[in-house]
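The values are calculated or read from the model by the stated rules, or taken from the named source; none is laboratory data. As the structure is a prediction and not an experimental result, all values here were calculated from the model. Cβ: placed from backbone, ideal geometry, glycine included. Neighbour counts: every protein chain shown.
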Amino acid sequence: MKVLINVIGKPVHEVDLPVVHFSYTSRIKRSTQVFLIFFLSGILSILIPVLHFVLVPGLILTAFVMAYLKFKEVAVIDLSGGLMCPECQSNIDEKKISFKKEEVRARLHCFGCGQGLEVLLEQSPS
């Protein structure tokens, strides 16, 4: 899918990056997996003396929060193939960009030249 890269004060560059849109059922699966990982970690942390007073409630609360945040993701752009900065041509160090339901833009930062970049989806994820 075509993605637009906007450098502040410069013309927009068009880049072809893999965009994965998640259906409702795949969002449920992904959030359930995240929930189970944190929840089971919280249950297993019962075995750690003294620290379990903090770890168990912390990990169980984290399970609910992370599952909710993962459920809200409707699209992900995979940058592992390498996204180059339009200004200095250095590789952007981000791995993935997640988009929530109404988001069509994300901000990145190039560590090579310090330029702020904006990634725009051409179509809104649904």
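Laid out as a table, the results:
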{"quantity": "When residues of region 84-126 are limited to those that are aliphatic (A, V, I, L, M) and assigned to a strand (DSSP E or B), the one modelled with the highest pLDDT", "calculated": "Ile97"}
{"quantity": "Any hit, region 85-101, residues being loosely packed, with under 15 Cβ neighbours inside 10 Å and in contact with a helix residue (DSSP H, G or I) (Cβ under 7 Å, 6 or more places away or on another chain)", "calculated": "yes"}
